[in-house]
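A short write-up of the structure that comes next.
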Amino acid sequence: MSALFARPSLPAAARAAVRAPRVLARAFGGSSTSQKALPFSLRGARESTAQADGGVLRMLMFGKPGAGKGTLSGRLVKKYDIVSLSTGDLLRQHIAERTEVGRMAEEIVATGGLIPDDIMLKILTSRLDLLHNKHWILDGFPRTLGQGKLLDDHLRQRGTPLSLVVNIDVADEIILSRISDRWVHLPSGRVYNLSYNPPKVAGLDDETGEPLTKRPDDNPEIFARRLEKFYASTSPLLSYYAEQAGNGTSLVTLKGATSDEIWPQLENVLNTSFPTLKERADQKRKGSLSEAVMARAEGDSAELVR
Ligand code: AP5
Ligand code: MG
């Protein structure tokens, strides 16, 4: 791996997991979750996902900036035995640690642009390839048709194609009203909103007590640019995935203005299409996201080694 793609620092045991990736592979048993009836629009997802290769969830969380991708991924990771990778979080970690990728990406991210496809693929796959048979979610990747095709090629070569694309469809005016209230915990990617899900103590992360920060790209002018980029470069991926439906990757669109509307729909899709997905025994143990993924991998390898 070139210096450009060196990862930001990992916890020691996560580095051990990287050295012994096969230890992470695990078989999933039956689910304790109930089989609920699916709305008609989701039946296609149930029929064509999951069955081809033992029901491993390999999912894209797709949507506009501010649609709630990070929030919903965080909830899934907290409740279920799933790991999540957010390319935005990975880039923010690189930027915070002043790595070569971080120095290259800083201005592009701050001005709402997109990092080149080939660089993004390497940043992502350097983490994704460690996950093997785990259930996983990608948040923020792919973001262009080029990235979508690169990802498909990469996954097909490894025999692990995507199983599900979930499109979170929220109106622009709702999103714009959310962004000014968003605060994030940079090391974990945990997301807070002063009106929707405020931290227990103002300005501090619930789990670590560390300070929350504002993202530099969360101001009205840059946000408008990110939304434009979404319509110009990212939204064409929806037709691309709609065309893939016959090849085993399902596309499901979930609409809503609030979490109360979207979260139960999302759980319903996952529980019915991926019956091997297990709830975590200790659901307070982890939030999301990228570094937490590695910490989680570390925990799993420790469990299996014992
Ligand atoms: P990234 O970090 O991925 O940003 P994004 O896609 O613009 O998405 P956001 O993180 O802003 O929104 P989200 O959907 O996660 O919403 P959230 O859950 O926070 O990428 C940042 C930058 O990195 C890009 O602009 C680009 O420069 C670069 N980049 C990243 N990936 C790249 C790639 N693949 N290729 C090239 N460049 C790349 O929710 C938003 C707010 O709403 C929060 O305050 C939340 O609390 C609140 N909220 C969420 N859900 C609800 C709800 N249901 N009801 C009420 N409020 C809610
Ligand atoms: Mg996000």
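Each reported figure results from applying straightforward, stated rules to the coordinates on display, with no laboratory input. Since the model is a prediction, treat every value here as computed from it, not as a measurement. Cβ sites come from the backbone with ideal geometry, for glycine too, and all protein chains shown count toward neighbours.
Taking 23 Å as the cut-off for C-alpha to C-alpha distance, list the pairs among Lys214/Lys278; Lys200/Lys255; Lys78/Lys122; Lys64/Lys214; Lys69/Lys149; Lys64/Lys200 that go past it. Don't jump to the answer; show the numbers that get you there.
On the way: Lys214/Lys278 34 Å; Lys200/Lys255 28 Å; Lys78/Lys122 27 Å; Lys64/Lys214 19 Å; Lys69/Lys149 21 Å; Lys64/Lys200 27 Å.
Over 23 Å Cα-Cα: Lys214/Lys278; Lys200/Lys255; Lys78/Lys122; Lys64/Lys200.
Relative to the 2.2 N^0.38 Å rule of thumb, the stretch 192-275 has a C-alpha radius of gyration ratio of 1.50.
Highest first, please rank the peptides 67-76, 137-146 by the mean number of other Cβ atoms sitting within 10 Å of their residues.
Values: 67-76: 24.2, 137-146: 21.3.
Highest to lowest by the protection proxy: 67-76, 137-146.
For the stretch 161-172, putting each phi into the Karplus relation 6.51 cos²θ - 1.76 cosθ + 1.60 with θ = phi - 60° gives couplings of x, 4, 9, 8, 10, 10, 9, 8, 9, 10, 5, 3 Hz, in residue order, rounded to whole numbers and with x for Gly and Pro. What's the center-to-center distance, using Cα atoms, between the stretch 115-162 and the stretch 244-283 in Å? Each part reduced to its Cα centre gives a spacing of 20 Å. Taking amide H as placed 1.01 Å from N in the peptide plane, the amide H of Leu204 sits under 5 Å from that of Leu212, each at least 5 places away or on another chain.
Over the stretch 69-140, Cα pairs under 8 Å with separation of 6+ residues give a relative contact order of 48 percent.
Only counting other Cβ atoms within 10 Å, I'd like Ser188, Ser126 sorted with the fewest neighbours first. Mind dumping the intermediate values first?
On the way: Ser188 22, Ser126 15.
Final ranking by Cβ density, sparse to dense: Ser126, Ser188.
Only Lys, Arg, Asp and Glu carry charge here, each on its Cβ (+1 for the first two, -1 for the last two); on that basis the stretch 128-171 has a dipole of about 120 debye about its Cα centre. Here the gap between Asn133 and Lys255, fully extended at 0.36 nm per residue and compared with their Cα-Cα distance, gives a gain of 40.9 nm.
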